[in-house]
Amino acid sequence: MGFLRIRTTVDERPGRLASLAAALAARGGNILGLSVQSDADGTVDEFVADIPASPETVREALEAVGGRRVQVVPATAHELTDEPTRALLLASRLRSMPWRLPELLAELLRADDARWIYGEAVSDLPDPTQLVVPVAPRRAVRLRRAELPFTLTEAARAASFARLAQPAEPSTAERAIKLSDGVEVTVRPLTSIYREAVRDLHDRCSPESRRFRYFTSMPALPARTFDRLCDRSRGYSLVAGHDGQVVAMANLMFTPDPGIAEMAFLVEDRWQGRGLGTEMARMLVRSARDLGYAEVKATMLSDNARMRRLLISLGATLGYTEDPGVMEGRLPVGTMVSA
């Protein structure tokens, strides 16, 4: 038949592995790979073997020597790579591209499907052919593998692998950026100490700037909205300061859409057109990437020409929504145009 991946649950008894190997050898099998994993009801032995016998014959042979829940599926020569080496190579790719976490988890566990899921509380699913890997309190990756149930060992591997895609939040260090006219501003994470400064920013912004940000000429930012912007479980926000004033605010909000965050900006009128919004947008996209998001979107009024130009300069794709007065830009974080 060729290469087969064979998995069986066994009792922890001396000589059990030898019995399984002998049963495969008796059917002409050459064992090329072996792993031993823990699961809820025993030890799982997994073989990759080159064997001429049919899957049904292999199943019967292993059951005869004490194997339980024997599963036999086709394998390829590609699966004969050294597992620790393969995991390290995938980890290296993940560190440089954390937004590809679902895809790389699928490679690690040879899953059929992997995708982001969101919810107030992410928990394991009862179906053994599905595995939920938490990434954040309300964000996880769900893996599906139809033919082979996931083991506890694989769940532990996936959880450890996902931790490589984090930090839990972006760096809190401040950063000085120089604008197109040579003026320097300092960008810092938004915290509650900037409540009054952000209120003053709103007071200095024109009604049109506030309308572009909030879709209404909001004269003041409600306290509950400011608190939400400071909540790191809901998003990540930045403020830009100059000469003791906050002159711009950029917000990255986590959304219910799998793998997608949303960004928005408020820049004081006299600071617009000087490159500040673009620099803060790049910082937000990099933060989204470091948090494991795959895409950033922005929703804007269709007459917000400045925002349209900003997104196009980053490499975003623009399109209209169901509301003809509203547009949406979408930017895969791995394709942002460099400065």
**Request:** Show 150, 254 ordered by accessible area, largest first, where the area counts protein heavy atoms only and the probe is 1.4 Å.
**Result:** 254, 150
**Item:** Only Lys, Arg (+1) and Asp, Glu (-1) charged, at Cβ; the stretch 239-281 dipole about Cα centre in debye
**Value:** 80
**Asked** For residue 163, what accessible area in Å² do you get when you roll a 1.4 Å probe over the heavy atoms of the protein chains, rounding to the nearest 10?
**Response** 140
**Request:** Send over the semi-axes of the stretch 1-56's equivalent ellipsoid, whole angstrom and largest first, taken as the square roots of 5 times the C-alpha gyration tensor eigenvalues.
**Result:** 20, 12, 9
**Message:** For the stretch 147-254, what does the relative contact order come out to in percent, with C-alpha contacts under 8 Å and a separation of six or more?
**Reply:** 22
**Item:** Between the stretch 246-274 and the stretch 281-339, the Cα center-to-center distance that results, in Å
**Value:** 10
**Prompt:** In the neighborhood of residue 319, defined by Cβ-to-Cβ distances under 14 Å, what is the net charge if each Lys or Arg adds +1 and each Asp or Glu adds -1?
**Reply:** -1
**Complete:** Counting only protein heavy atoms and leaving out ligands, DNA and RNA, the solvent-accessible surface of residue 6 at a 1.4 Å probe, in Å² to the nearest 10, equals 0
**Message:** Only four residue types carry charge here, +1 at the Cβ of Lys and Arg and -1 at the Cβ of Asp and Glu. Report the dipole size of the chain about the Cα centre in Debye, rounded to the nearest 20.
**Reply:** 740
**Asked** Once label points are set 7 Å from the Cα along Cα→Cβ at both residue 27 and residue 63, what is their separation, rounded to one decimal in nm?
**Response** 1.1
**Asked** With the other protein chains left in place, how much accessible area per residue, in square angstrom, belongs to the chain at a 1.4 angstrom probe?
**Response** 48
**Request:** Would you be so kind as to identify which of 222, 10, 106 lies farthest towards the positive end of the dipole of the chain, taking Lys and Arg as +1 and Asp and Glu as -1 on Cβ and the Cα centre as origin?
**Result:** 222
**Overall form of the stretch 218-288 per C-alpha gyration tensor (a/c, 1.5; a/b vs b/c)** = oblate
**Fill in**
Within the set 15, 66, 42, GNM on the chain using Cα springs under 10 Å gives the largest fluctuation to 15
**Asked** For the stretch 202-237 and the stretch 1-50, what is the separation of their Cα centres, given in Å?
**Response** 60
**Asked** Of 118, 320, 236, which has the most accessible area and how do the rest follow, probe 1.4 Å?
**Response** 320, 118, 236
**Message:** Give the residue list of chymotrypsin sites (Phe, Trp or Tyr not before Pro) in the stretch 1-101 that are DSSP loop and have at most 11 other beta-carbon atoms within 10 angstrom.
**Reply:** none
**Asked** Got a number for carbon plus sulfur as a percent of the chain's accessible area, 1.4 Å probe?
**Response** 53
**Asked** Does the stretch 8-163 classify as rounded, prolate or oblate by the C-alpha gyration tensor (a ≥ b ≥ c root eigenvalues; a/c under 1.5 gives rounded; else a/b over b/c gives prolate, otherwise oblate)?
**Response** prolate
**Item:** Radius of gyration and maximum dimension Dmax of the stretch 165-274, Cα, Å
**Value:** 14.1, 40
**Gyration tensor verdict on the stretch 20-85 (Cα atoms; rounded if a/c is under 1.5, prolate if a/b is larger than b/c, oblate otherwise)** = oblate
**Request:** Would you calculate a helix-derived [θ] at 222 nm for the chain, using -39,500 (n - 2.57) for each DSSP H run of n ≥ 4 and dividing by the full residue count, to the nearest 500?
**Result:** -9500 deg cm²/dmol
**Request:** Output the direction-averaged projected area (hull surface divided by four) of the convex hull of the alpha-carbon atoms of the stretch 179-230, in nm².
**Result:** 4.4
**Request:** Work out the charge dipole of the stretch 212-324 with +1 on the Cβ of Lys and Arg and -1 on the Cβ of Asp and Glu about the Cα centre, then indicate which of 296, 273, 321 is farthest towards its positive end.
**Result:** 273
**Complete:** Checking 303, 269, 113 against a Gaussian network model of the chain (alpha-carbon springs below 10 Å), the top fluctuating residue turns out to be 303
**Asked** So what is the relative contact order for the chain, in percent, with contacts set as C-alpha pairs under 8 Å and at least six apart?
**Response** 12
**Asked** Length gain on complete extension for the stretch residue 196 to residue 228, per 0.36 nm per residue less the alpha carbon to alpha carbon distance?
**Response** 10.0 nm
**Message:** Only Cα pairs within less than 10 Å get springs; with that Gaussian network setup on the chain, which residue of 173, 159, 61 has the largest fluctuation?
**Reply:** 173
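The values are calculated or read from the model by the stated rules, or taken from the named source; none is laboratory data. Since the model is a prediction, treat every value here as computed from it, not as a measurement. With ideal geometry, Cβ positions are generated from the backbone for all residues, glycine too; neighbour counts draw on all protein chains shown. When the accessible area is computed, the model is the full protein with side chains, heavy atoms only, and any ligands, DNA or RNA have been set aside. Shrake-Rupley method; radii C 1.70, N 1.55, O 1.52, S 1.80 Å.
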